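Peer 1: Encoded as structure tokens, here's the structure I'll be asking about.
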Amino acid sequence: ITQWVDTTVIYNNLSFLKPVFGAVDEGTGLVRPEMIINIPAFSIILFQILMSNFLKNVKPVKSMVGGTIVLIIGMGQFYFHVNGWYFALSLVIFAFGEMASSPRIQEYISSIAPKEKVGVYMGYSFLPVAGGNLLGGLLSGSLYGSMSDKYMFLRDYLVSKGMGEMDSLLKMDEAV
């Protein structure tokens with residue numbers, strides 16, 4: 001978020017919230033990333049009852065599939081916009097997909113589990129989440145560094161233009 005999303009548009013348009021989530025860096029107003037990633041949680045708090053009422057007559061499998069499609073659309077929007085408002089809207093879309101799918105997954109699991117094993121089945125349903133978080137935690141830093149970090153792009157560009165001494169300076173900075 002810090003490197004790729006322009007949050008100044010949000011900061012400048014929500015002047016009443018500046019003390020809550022804003023920071024000024026070199027005269028430019030920025031919304032801290034930890035505030036941006038709270039948008040899905042706030043969206044769920046605000047809209048979960050509405051979504052639950054809307055989806056109460058929909059079968060769990062249809063709700064899970066539809067919610068997953070909405071999740072994909074929300075996540076896909078991250079790649080097309082650097083404007084903070086569009087990024088925030090993408091997070092809200094993601095939250096709606098989460099609201100449609102996540103509770104229904106638990107409902108579905110509890111409906112297919114034997115009555116005496118419902119808790120065990122629901123507990124085991126979180127194993128993929130735990131595995132994904134573990135694997136994501138191990139891979140995310142190195143993948144981001146090699147595929148998305150603007151400083152690495154700059155270093156590679158400078159080296160390709162024959163400024164190899166810049167590469168050694170940047171590597172010294174990484175060690176610090």
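Peer 1: Could you compute the net charge surrounding GLN48? Neighbours are other residues with a C-beta less than 13 Å from the C-beta of GLN48; K and R count +1, D and E count -1.
Peer 2: It works out to a net charge of +1.
Peer 1: Mind scanning LYS18/LYS59; LYS18/LYS150; LYS18/LYS56; LYS62/LYS150; LYS59/LYS117 and naming the pairs with a C-alpha gap bigger than 32 Å?
Peer 2: Check vs 32 Å cut-off fails for LYS18/LYS59; LYS18/LYS56; LYS62/LYS150.
Peer 1: Right, another one. At 7 Å along the Cα-to-beta-carbon direction for both VAL65 and LEU138, put a label point, then send me their distance in nm to one decimal.
Peer 2: 3.4
Peer 1: Can you give the three extents of the C-alpha atoms in the chain along their principal axes, from longest to shortest, in whole Å?
Peer 2: 67, 39, 26
Peer 1: To continue, here is another question. If I fit a long axis through the Cα atoms of helix 127-147 and take the longest principal axis of the Cα atoms of the chain, what angle between them do I get, 0 to 90°, rounded to 10?
Peer 2: Approximately 20 degrees, to the nearest ten.
Peer 1: Okay, next question. Please report Rg (one decimal) and Dmax (integer) in Å for the Cα set of the range 64-117.
Peer 2: 14.8, 50
Peer 1: Rounded to whole Hz and in sequence order, give me ³J(HN,Hα) for the range 109-122 from the Karplus expression 6.51 cos²θ - 1.76 cosθ + 1.60, θ = phi - 60°, writing x for Gly and Pro.
Peer 2: The phi angles translate into 4, 5, 7, 8, 7, x, 3, 7, 10, 4, x, 5, 4, 5 Hz.
Peer 1: While we're looking at this one, here's another question. Mind ranking 64-71, 111-118, 4-11, 97-104 by how tightly packed they are, going by the mean number of other C-beta atoms within 10 angstrom, highest first?
Peer 2: 97-104, 4-11, 64-71, 111-118
Peer 1: So, one more: Mind checking the full-extension length gain between PHE16 and VAL92? Use 0.36 nm per residue of separation minus the Cα-Cα distance, one decimal, nm.
Peer 2: Fully extending the segment from PHE16 to VAL92 adds 25.3 nm.
Peer 1: Take the Cα of SER148, step 7 Å along the line toward its Cβ, and report every residue of the range 113-139 whose backbone nitrogen sits under 17 Å from that point.
Peer 2: 132-139, by backbone N distance to the label point.
Peer 1: Let me check against my output: what whole-number percent is the relative contact order of the chain, with C-alpha pairs under 8 Å and at least 6 apart?
Peer 2: So the answer I get is 19 percent.
Peer 1: With the full set of protein chains in place, find how many percent of the accessible area of the chain is carbon and sulfur; take the probe as 1.4 Å.
Peer 2: Percent of accessible area from carbon and sulfur atoms in the chain: 68.
Peer 1: Arrange the peptides 47-55, 28-36 so that the one whose residues have, on average, the most other Cβ atoms within 10 Å appears first.
Peer 2: Highest to lowest by the protection proxy: 28-36, 47-55.
Peer 1: A further question on this structure: What are the residues whose amide H is under 5 Å from the amide H of VAL5, where those residues sit 5 or more places off or on another chain and H is modelled from the backbone?
Peer 2: none
Peer 1: Using a 1.4 Å probe on the protein heavy atoms only, what accessible surface does LYS62 show? Give it in Å² to the nearest 10.
Peer 2: So the heavy atoms of LYS62 present about 140 Å² to solvent.
The values are calculated or read from the model by the stated rules, or taken from the named source; none is laboratory data. The model shown is predicted, which means the values in this text are computed figures rather than measured ones. Backbone-built Cβ (ideal geometry, glycine too); neighbour counts: all protein chains shown. All accessible areas refer to the heavy atoms of the entire protein, side chains included, with ligands and DNA or RNA removed. Shrake-Rupley method; radii C 1.70, N 1.55, O 1.52, S 1.80 Å.
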